[in-house]
Amino acid sequence: MTIKSLRRAPLACALWFVLPAAAAAQSDMPSPQATPSSTATAADRSKAKDLPRLVVEADATTGYRARTAESTARVAVPIKDIAASIQVVPQEVLRDRGVTRTDQLLDTVSGVLAESTYGGNGATFFNIRGFSENNGLRDGFRDYGYLAFRDVQNIERVEVFKGPAGALYGGVGAVGGYVNTVSKRPQSADFGEVGTTVGSYGLSRTTVDLNRSLSDGFSVRLNGAYDQGGSFRDDVDHHSWSLAPAVRWADADTSVTLLTEFNHLNRNNFDFGIPNVPNYRELSRSRYFGPNGANDPGVRNDFAKNITDAASLMFDHALNDDWTVRAAAHYAYAHQVSQQSFPNLDSYAGGDYLDYSVYSGGNEASREYTAQGELEGRFATGALAHTLLLGVDYGYLEQGGAGSPVSTLTLSLFDPRYTALAVPTDSAGPYHQAQGRDWGVYAQDLVELSPTVKLQFGLRGDRFINREVLGGVEVARGTQDAWSPRVGVVWEPDTATSIFADWSRSHAPNVAHGVSTSTYDAELGKQVEVGMKRDLIEDRLSGSIAWFHLTRANILTTDPVDPMKQVLTGRQASHGVEIDVAGALTPAWKVIAAYTYTRASVESDTTLPVGDTLANVPRHHASLWTTYAMQSAALQGLTIGSGLHYVGQRDANLPNSYTLASYVRTDASLAYERGPWRTQLNVLNVFDRHYYTGGSASVFNYTLDPSRPRAAQLTVSYRL
């Protein structure tokens, strides 16, 4: 597909309907026939209880193609039977692409773009269907990702639920969609792998994955990583370590799993990139814009130290072949100590000089608790087959920080030797904290009207209780009751195709980040979606296409006066088309590809111009990653891979005044596997394209990230 064609959404969507024909021409397999399960009645299925119960430990993935997303959907049914857009990035894709950072996780998924993190802290900041999200899921639990660093070594796969998911998830939530990072879990077989990676800019990374099956149903697994390296950015470097011990006990009917993870990250400087000013192309891409101790002895260099700990305890028990009860608890803690500097764009009217605010005593933390109980079962009412999910949960989030002394520093945009002396402007204020509690009850019923028609009903009720605490004293409290419904239908005209439509509404409470003396109503999202999922090559290659219209109200965004505070704005909307293809064209040729057309804009607001496009949301973006395993005897074990990532032109700021140019990034890989050894070379940004990301519609819209130059990394691993 040419770049020119990407600018024509109707043409790109039309390609979808060509794919089945192309796939049919590629395969000489006969057309799928009706299976016994597709013709059985609901009564027949409900009576099929004489078979032994089978426990499947691995995710249902063939190559790059995943058939289920149970951690996110919460029910063990195929993705094609769910009236929603769900995409999965399996471990094999992450390995082949050489992923070492969280911002690389979802480059192959439609409708999702990585955004600037909090000064390079490795948290999960993504733009999903036009909206910035830093709240996601970790192993199916709600996860406040603003401060949380997570090494990718312990991530087995990533599941993306697009659009509002309030019928299942309340508490700190997201409207554009959820990114669920699924941890590696103990398995019943013995295996292990150790690896080391070296690369450009001093990258040095060591990883370990060790699994052992013990007696009496016990198994343990340990994942760990140590990572250090520099950057093309001046005086920016890091070192981190991560340990993730896990233990599991299971018999035929019951399992108990404990997942823990401990991450530490130290960074020299707090790298937001370059200031988001109209002449950003003229600025140095490598310079760190912030205090320079050599030029200004009164202010030390920026820095950050992150600690992120998490633990999840999960209990599953099969009451019989049809009913399962689950109980779970989750805890997460993130702490960041830093000095960080922000450009004061509101006072900038052009020229060579720009004021920065230096927060020299940043001390921020977040803490989460979740408790959950669920009952899942299958039963029949007459001719109707049901998959029912009932649940209750409680979630608590507290996040805040100590007031920091603030100084104003004037920098020259073009002469790094010039730094005016820092001038103190604000003294340290009291510790501020936002607290959010969510009591929730939910139900979901997947009803099979016939072998070809399935309905989905979901409803969640929440009571949100929010508090704002300043200096240990409550200054605001708010309570809100909310109902979040979801309705969907799936029609399967044949065994290879499912056509779906759904409508959903979600409430995601606003638990403020930064100093606040008010509580806020929950964010409200509504979505209508229609799509199709299809097996393009049976058991090998799948595709999906979806059209959506999503509206968002009560949006918590950065205060234009003070970037450390947030305020509610009005109403925004996005609509578009997404196409995803994943799997294998042949047993040796794997592919994952995506295309997105999105229009996201302001519909009403007290300060922003109505009709302005949301920042960092391109009209078109697309990606392709493919690998081919050589088949000749002389080249046995050799695999080559390459990928393209296209992002179209998008607005850099809101209100709109200038744009970021479109770009195409090319990546490549070469891997050789012989016995237990695997050697893999990844080259990122092969042609050294210069581009910029950021311009977030959320909290970091005052800076831009210049692209990383061409870089290579070599990984050698050994299977134990």
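The values are calculated or read from the model by the stated rules, or taken from the named source; none is laboratory data. All values reported here derive from a predicted model rather than from experimental measurement. Backbone-built Cβ (ideal geometry, glycine too); neighbour counts: all protein chains shown.
Data table
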read-out	value
Condition check for D190: of a type in the set (D, E), modelled with pLDDT under 95, more than 20 Å from S312 (Cα to Cα) and surrounded by fewer than 16 Cβ atoms within 10 Å (Cβ to Cβ)	no
Residue in the stretch 152-164 that is in a loop (DSSP other than H, G, I, E, B), closer than 20 Å to G576 by Cβ, in contact (Cβ under 8 Å) with a residue 40 or more places away in the chain and touching a strand residue (DSSP E or B) at 6+ places or on another chain (Cβ under 7 Å) present	yes
For A114: the one exception among (1) under 22 Å from A600 (Cβ atoms); (2) crowded, with 24+ Cβ neighbours inside 10 Å	(2)
Boolean, K533 is of a type in the set (K, R), touching a Ser or Thr at 6+ places or on another chain (Cβ under 9 Å) and modelled with pLDDT under 95	no
Only listed residue being surrounded by 20 or more Cβ atoms within 10 Å (Cβ to Cβ) and of a type in the set (A, V, I, L, M, F, W, C), chosen from L345, L375, L397	L397
Checking A671 against (1) loosely packed, with under 14 Cβ neighbours inside 10 Å; (2) touching a Ser or Thr at 6+ places or on another chain (Cβ under 6 Å), the condition it does not meet	(1)
Test: residue in the stretch 308-316 that is of a type in the set (A, V, I, L, M, F, W, C), under 17 Å from R708 (Cα atoms) and under 23 Å from the mean Cα position of the chain (by Cα)	no
Per-region count, the stretch 113-146, residues under 23 Å from Y702 (Cβ atoms), assigned to a strand (DSSP E or B) and out of contact with any helix residue (DSSP H, G or I) (no Cβ under 9 Å at 6 or more places or on another chain)	8
Filtered residues of the stretch 568-593 (kept if farther than 18 Å from I537 by Cβ and either modelled with pLDDT of 95 or more or not in a loop (DSSP other than H, G, I, E, B) (or both))	L568, R571, Q572, A573, S574, H575, G576, V577, E578
Test: residue in the stretch 249-263 that is assigned to a strand (DSSP E or B), of a type in the set (S, T, N, Q) and more than 24 Å from G140 (Cβ to Cβ)	no
Residue under evaluation L243, criteria (1) among the hydrophobic types (A, V, I, L, M, F, W, C); (2) surrounded by fewer than 18 Cβ atoms within 10 Å (Cβ to Cβ); (3) part of a strand (DSSP E or B), criterion not met	(2)
Residue check, T108 out of contact with any Pro (no Cβ under 6 Å at 6 or more places or on another chain), within 30 Å of F303 (Cβ to Cβ) and assigned to a loop (DSSP other than H, G, I, E, B)	no
